[in-house]
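Let me begin by presenting the structure, written as structure tokens, before commenting on it.
The values are calculated or read from the model by the stated rules, or taken from the named source; none is laboratory data. Given the structure is predicted, the values throughout are model-derived calculations rather than measurements. Cβ placement follows ideal geometry from the backbone for every residue including glycine, while neighbour counts extend to all protein chains displayed.
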Amino acid sequence: MSYLELNSLKKTYPNGVTAVKDIDLEIEKGEFVVLLGPSGCGKTTTLRMLAGLEEVTEGSIILDGKDITHLPPRQRDISMIFQSYAVWPHMTVAENIAYPLKLRKMDKQAIAAKVQEVAKICKIVDYLNRYPAQLSGGQRQRVAVARALAVNSKLSLMDEPLSNLDAKLRVSVRTFLKEIHRNTGATTIFVTHDQAEAMALADRIVVMNEGRIEQVGSTREIYNECESLFTVQFMGTPPANIQKVALASSQGRLVAAAGGGEGAMSLDLGDQSAFPGIERLMGEEVFLAVRPENIGIGEPNGINETSIEIVEPQGAYTILVTNVLGGEWKIMLEGDVDIRIGQKVSLEIDPGKVMLYDTQNKKRISLT
Amino acid sequence: MHVSRRTGFFKSPTWFLVPVVIYYAAFWIRPTISVIIESFTDKAGAFSFSNYVRLFSQEAIRTAFLNTVLFTVGSAIIQFVLAFALALWLNKKFRFSNLVLFITLIPMAFPPAAVGILWKTGLYRFGWINSFLCAIGLMNPANPVDWMSFRNLNAVMLLIVVDTWTVLPSVMIILLAGLQNFNKEFEEAGWVFGANKFQTLKDIVFPIMKPTIITAMILRMIAAVQVWLIAVMIFGYNVVPFLVERIAYNVDVITFAKYARKDAYTISVIVAAIVLISVSMYLRVSGDKQKGGETT
Amino acid sequence: MSVRRGKLWSRTVFLLILATVAGVVLLPVFYFLTISFASNYEAYQFPAKIFPTFSYPAQLRYNADKKNYTLLIKKGADFEAVKTTSDTSDFSLYCKSQLNVLIASSEVQALFDKAKGADHAIPIKLKKAFFRNYVVFFILAEGTMRALFNSLKAAGWTILISLVLGGVTGYILARYKFRFSNTFSTGLLVVRMFPAVALSLPLVVYIVRMNLYDTPFALAIVYSVPNIALTAWITSSIFKGISVELEEAAMVFGATRLKTLLTITFPLAFPAIVASSLYAFLAAWNDSITALIMTNDNPTLALLVYRTVGSSTIPNLPAAGAVVLLVPSLVFTFIIKNYINQLWGNVAL
């Protein structure tokens, strides 16, 4: 039995919209789990059901062996960091941190000690007597963290806590949150739509789409072993190149063709031996997905020749745009690459990184 | 903000404000000053407090003063409690909540004279209030209550009920605006961190809403001290004296009495003073509201 | 299952509150409307009906001994004798004044003959002239139409003065920062809340001197005092919301300042201008204390309605007047209800 269990959780709003369709998830004590997905995918609704802020339509939530499905928030022993931080504006920083402790009937001295302790961790000791209006966004964020830390809850929930910060601050607070998690080992569920955030923070990522879980796994698994077309589309910046193609074999090499008829184009995916069990897919239509960083370029050699249309230098890497199979494909190369617009190149695709998806159920086609 | 493109005082666009300033000088400042002067001079034009002394020696004025205070405080308390409850309820979006909001706003649109008649048609012996009470079995049709025979405190309380019916929507709408601007996460943070619904209301919602609540209440008080029409329409003059009712009485009924004008002037100065004190309180609160900063 | 029961419970409480709120608001309104259609006879009936009636179930009886006729109207299970006469015009007059039933003497004669022929009371149907109270109050009573026009005139002048002076002020406040702009805005707020009574009384003296006493224009002068401030307040917040860049873009493309104002700014601010006008209208339309102080033979409709209440014991006629007073108020209040919210923040309605 896991520390936190979500059993076929479902949420339908009174207006008939089903935000969460069927969520099954098990989370171990001390894990940092990120719910990731586009807006409207049900991740926030799931978190709010965990918090007790949203009524559960069907299913159950078990925390530490106790069914909390229908308990009000205050009886769940949880803490939460809100998107707007929800640092109460009429209380000083110290009062904000102390209020939940007061509700827990802690004695005054213990409260004062606890406030000092978490303030030190969150580096807000100097602001304890200020009001939130006198603090910057980043400082308010730290107050929210301190307040959540102080209550020592069984479960720590975070609802897009970084989305209101500017880009630079976001990265530093991200590091800070990770550090806190490492020190406290609090079981944490973090909701975001930002994949960089998710990949940086998570022990496990839960990718969600349209009220369902698409995939659960470590950052590496989610990025490299995308089980569904949605995941491969969603993860990665720039996103993976995806094209509907027909597979064919030509002189021992695997070829993907698109367009059909006169304007047919094809892409050489490499030696067929690199794709065990591919025979059954010959002539079939599939979705082909290749990440931009898994494509290399070389001198024109007759295979996969194309010309570069756009060059976007980014300093640490360079993005090239070219026409492949009738679509606009992106190629990501390390460092500053010296390439002219219109230059002819040959594309080199890493056969081990090619991902194929079923056109019907949009699931990954396993080749082994 | 704009920097004025053209320089020079005479080309400044603020010159367009001159007509407004003149209008206010003529029709606001001048009459205000003259009414103040009138209230502090005797018939011969010499400075004196005699108007105030005479006024407060009248039983009716003292009653009017007391009634106005009673009415203002009573209606403020009742209307705040009801309006807040209603606003909290309507703020929870439910099916048809917009329709319900629409219905609750209807009384706000009633002109005072229409309110007066609406309630008069209800309060007389054969009126709809008694009819309704009989229809639901709370009253014996053989022995209806004559509400219009109510006097003193009972009459004031009756007027508070009538007033509440009319103005509750306008108080409610201010509070509802406050609640809608209220960041829901403040409340949710309260629940998550262990507060029950009552504690959240008391420790979080009320304190954060305080400026809005005070604003609504002060605006209410400004209107309440000027009550007169419903009192006169339901009970007639002299039955439930209020400050402005006394002014109307002096102007409308005893027009040619020796001190009618002087009395009316003096009472209107008192009313204006009460209103101005309330306004300055309002300004201080709304100033605090801005200083308190954005709460989101 | 306790969850289910809790739900049922909260649903019941919810419906109870809903019914109470709707009842408290709508019951008085329904009764009030009904009374405005009630005849004098109905107004004295107790308990009163919540919905208006269109006709009376009645009987006419010939009293052979006295050679006269008795009109009976159904009350509960029985019929109540309400009028006994042998004169047709007396009968007709009674029907008109007490029952709001218009029936000519000749028709009465026909009924009388029929009743005489029968040996028992004959059933007759008396159809009510439904809008009789309104006709009486507005067309037959002297001065009502004039009062209505006075109200409209006062409202028109108020709109004009408030819009011109307030609109300009609003624009200047929104677009230019000058030395006393804060003081000025605060001043406007104070004016907005200043009691009209305290102004009307001393102003009478000047108004008389200006030869304007007892005219709608004089009323408009007083109504405009708070309304200029209110208009300035509403329009300035709208002008502030209209980006200066929109104006600047027009000027960059060659429009003059005035042309920019007329073609860009004004159309964008139009809803606010309409709202301010409706506010001004309502202020003038609803007022009675200023009219009480400043008019004599030319009252406004609101004042007239107020006066009729004092002079009549049965409130059906004044109720008809009040319904007419109410209609524009109701319509306009709901048109501008979104602006009411803007005055105190933003309620989404």
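Among the candidates B:Thr212, B:Thr166, the residue that is in a helix (DSSP H, G or I), under 20 Å from B:Ser278 (Cα atoms), of a type outside the set (Gly, Ala, Ser) and within 20 Å of the chain's Cα centre (by Cα) is uniquely B:Thr212.
Results for (1) surrounded by 20 or more Cβ atoms within 10 Å (Cβ to Cβ); (2) without any contact (Cβ under 8 Å) to a residue 40 or more places away in the chain; (3) in a helix (DSSP H, G or I), shown as yes or no for each residue.
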| position | (1), (2), (3) |
| --- | --- |
| A:Met158 | yes, no, no |
| A:Lys168 | no, yes, yes |
| A:Val171 | no, yes, yes |
| A:Leu177 | yes, yes, yes |
| A:Arg182 | no, yes, yes |
| A:Ala196 | no, no, yes |
| A:Met199 | no, yes, yes |
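With the requirement that a residue be in a helix (DSSP H, G or I), away from chain C (no Cβ under 14 Å) and closer than 13 Å to B:Arg261 by Cα, what does segment B:30-51 give you? None; the set is empty. A count restricted to segment B:36-51 and to residues that are of a type in the set (Phe, Trp, Tyr) and loosely packed, with under 15 Cβ neighbours inside 10 Å stands at 2. Among the candidates B:Lys197, B:Lys202, B:Lys262, the residue that is of a type in the set (Lys, Arg), over 16 Å from the mean Cα position of the chain (by Cα) and within 11 Å of chain A (Cβ to nearest Cβ) is uniquely B:Lys197. In this structure, is C:Ser39 crowded, with 22+ Cβ neighbours inside 10 Å, more than 10 Å from chain B (Cβ to nearest Cβ), among the polar types (S, T, N, Q) and within 17 Å of C:Asn133 (Cβ to Cβ)? The answer is yes for C:Ser39. Of the strands (runs of 3 or more DSSP E) lying entirely inside segment A:243-332, those carrying at least 1 residues that are of a type outside the set (Phe, Trp, Tyr) and within 25 Å of A:Phe230 (Cα to Cα) are A:253-258, A:265-271, A:285-290, A:295-298, A:317-324.
Among the numbered conditions (1) surrounded by fewer than 19 Cβ atoms within 10 Å (Cβ to Cβ); (2) at negative phi; (3) within 14 Å of another protein chain (Cβ to nearest Cβ); (4) out of contact with any Lys or Arg (no Cβ under 9 Å at 6 or more places or on another chain), the only one that A:Gly16 does not meet is (2). Just one residue in the set A:Ser79, A:Ser60 is farther than 22 Å from A:Gln141 by Cα, outside any loop (DSSP other than H, G, I, E, B) and among the small types (Gly, Ala, Ser); that residue is A:Ser60. For segment C:173-187, a tally of residues being under 17 Å from B:Tyr24 (Cα atoms) and at the interface with chain B (Cβ under 7 Å from one of its Cβ atoms) returns 1. For segment C:309-327, taking the residues that are in contact (Cβ under 8 Å) with a residue 40 or more places away in the chain and more than 9 Å from chain B (Cβ to nearest Cβ), the one that is nearest to C:Asn227 (Cα to Cα) is identified as C:Val324. Quick check: anything in segment C:306-316 under 23 Å from the mean Cα position of the chain (by Cα), buried (at least 21 other Cβ atoms within 10 Å of the Cβ), part of a loop (DSSP other than H, G, I, E, B) and at pLDDT below 85? Yes: segment C:306-316 contains one or more residues that are under 23 Å from the mean Cα position of the chain (by Cα), buried (at least 21 other Cβ atoms within 10 Å of the Cβ), part of a loop (DSSP other than H, G, I, E, B) and at pLDDT below 85. If I ask for residues that are within 11 Å of another protein chain (Cβ to nearest Cβ) and either basic (Lys, Arg) or part of a loop (DSSP other than H, G, I, E, B) (or both), which ones from segment A:83-105 would you list? Within segment A:83-105, A:Gln83, A:Ser84, A:Ala86, A:Val87, A:Trp88, A:Pro89, A:His90, A:Met91, A:Lys102, A:Arg104, A:Lys105 qualify. The residues on offer are B:Pro207, B:Pro169, and the sole one that is of a type outside the set (Gly, Ala, Ser) and surrounded by fewer than 20 Cβ atoms within 10 Å (Cβ to Cβ) is B:Pro207.
For segment B:90-120, filtered to residues that are at pLDDT below 85 and part of a helix (DSSP H, G or I), the residue that is farthest from the other protein chains (Cβ to nearest Cβ) is B:Ser97.
Report whether or not C:Phe32 is surrounded by 14 or more Cβ atoms within 10 Å (Cβ to Cβ), under 30 Å from B:Asn98 (Cβ atoms) and not β-branched (Val, Ile, Thr). So C:Phe32 passes the test. For segment A:124-141, a residue qualifies if it is over 16 Å from A:Ser172 (Cβ atoms) and either touching a Lys or Arg at 6+ places or on another chain (Cβ under 6 Å) or assigned to a helix (DSSP H, G or I) (or both), and the qualifying residues are A:Val125, A:Asp126, A:Tyr127, A:Pro132, A:Ala133, A:Gln134. Within segment C:32-47, can you find the residues that are over 21 Å from the mean Cα position of the chain (by Cα) and outside any helix (DSSP H, G or I)? Within segment C:32-47, C:Tyr44, C:Gln45, C:Phe46, C:Pro47 meet the criteria.
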